[in-house]
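These notes are about the structure you will find just below.
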Amino acid sequence: IFDAYMRYGGMPGIADVGLEQDKALTLLDGIYSTVIVRDILEREKRRGQRQITDAILLKKIILFLADNIGSSVSVSSIGNTLVNEGLLDEGHRKTKPSTHTVQAYVNALLEAYFFYDIKRFDIKGKEFLRTLGKYYIVDIGLRNYLLGFRNRDSGHAIENVVYFELLCRGYDVAIGKVGTAEVDFIATKADEKLYVQVTESMESETVRARELAPLQKIADNYEKIVLSLEPGLDASYDGIKSENLIDWLLRE
């Protein structure tokens, strides 16, 4: 079931088509074409705003964000990347879209709940930072539809799943910064706080050291957990839990 979810996502109707890729693609295409792109363009037109008018630029920004989920992204660099990699050629655009224009398109995608942005929080300084944030896509199946069904960047893909599960469980979620290290997620609600690292496997000693290091630098006593598909033999490391991702997803 988890593998199917990671391939086709969890949009309404996906369960009805089973594991038939052609039917899943048709469904995802319909969701993308009508609910996402057409609605965004038509909504902006109804508002009388002229910023979101280029369907090709909108698609390219969507593809860029989908390809970079879980990575630090600067809106000001998106236009440069699209031009430098020739991604706007088919639109015959000769000049780089301005940062203001790109931000307007990104804001429209956030408002449509197609992408979600997540900010950095300085754990020691106890304040949100204005530095690079990250973006996650609302459904991993839509990402696969857009970019192709292949094993790409699976670590960030499972991060994407964990992020939305934390939202569904009622947490406010941020990226944690502790010194020069980073914690994938700080999840908070009321008096509860949870620090979460996400990785594919904890079986390698090198990976264990990398994933545990940021959590070990946090001095408070809130729960700290590493979620992975292969948690290894140890259930905890100095109080930091190592847990199977699928078991965690099924718990609540």
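Enumerate the pairs (first residue in the stretch 21-41 and free of Cβ contacts under 8 Å to residues at least 12 places away in the same chain; second residue anywhere and hydrophobic (A, V, I, L, M, F, W, C)) with beta-carbon separation below 7 Å, excluding pairs fewer than 6 apart on the same chain, so at least 6 apart or on different chains.
Lys23/Val17
Please determine whether any residue of the stretch 54-72 is over 30 Å from Arg120 (Cα atoms) and either open to solvent by 80 Å² or more (accessible area, probe 1.4 Å) or within 23 Å of the chain's Cα centre (by Cα) (or both). Show your work before the answer.
First, pick out the residues of the stretch 54-72 that are over 30 Å from Arg120 (Cα atoms): 54-56.
Checking which are either open to solvent by 80 Å² or more (accessible area, probe 1.4 Å) or within 23 Å of the chain's Cα centre (by Cα) (or both) leaves us with 55-56.
Yes, the stretch 54-72 has at least one match.
When you scan the stretch 136-160, how many residues do you find that are at pLDDT 90 or above and either within 27 Å of Ala219 (Cβ to Cβ) or open to solvent by 20 Å² or more (accessible area, probe 1.4 Å) (or both)?
6
Is it true that some residue in the stretch 48-66 is within 24 Å of Val162 (Cα to Cα), modelled with pLDDT under 80 and part of a helix (DSSP H, G or I)? Spell out how you get there, then give the answer.
Just the residues of the stretch 48-66 that are within 24 Å of Val162 (Cα to Cα), to begin with: 61-66.
Applying the additional criterion that residues be modelled with pLDDT under 80 yields none.
No, the stretch 48-66 contains no residue that is within 24 Å of Val162 (Cα to Cα), modelled with pLDDT under 80 and part of a helix (DSSP H, G or I).
So that you can scan it fast, the table gives a plain yes or no per residue for (1) of a type in the set (Val, Ile, Thr); (2) more than 15 Å from Phe115 (Cα to Cα); (3) buried (at least 17 other Cβ atoms within 10 Å of the Cβ):
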| residue | (1), (2), (3) |
| --- | --- |
| Val162 | yes, no, yes |
| Leu167 | no, no, no |
| Gly170 | no, yes, no |
| Lys177 | no, yes, yes |
| Ala181 | no, yes, no |
| Ala190 | no, yes, no |
| Tyr195 | no, yes, yes |
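When the residues of the stretch 209-224 are filtered to those that are in a helix (DSSP H, G or I) and open to solvent by 100 Å² or more (accessible area, probe 1.4 Å), which remaining residue is farthest from Gly239 (Cα to Cα)? Break it down stepwise before answering.
Step one: filter the stretch 209-224 for residues in a helix (DSSP H, G or I), giving 209-216.
Next, only the ones that are open to solvent by 100 Å² or more (accessible area, probe 1.4 Å) stay: 210, 216.
Numbers: Arg210: 16, Gln216: 9 Å.
So, considering only residues that are in a helix (DSSP H, G or I) and open to solvent by 100 Å² or more (accessible area, probe 1.4 Å), the one farthest from Gly239 (Cα to Cα) is Arg210.
The values are calculated or read from the model by the stated rules, or taken from the named source; none is laboratory data. Here the structure is a predicted model, which is why all the values come from computation and not from measurement. For neighbour counting, all protein chains shown are included, and Cβ atoms are generated from backbone atoms with ideal geometry for every residue, glycine included. Each accessible area value is taken on the protein alone, full model and side chains, heavy atoms only, with ligands, DNA and RNA left out. Shrake-Rupley method; radii C 1.70, N 1.55, O 1.52, S 1.80 Å.
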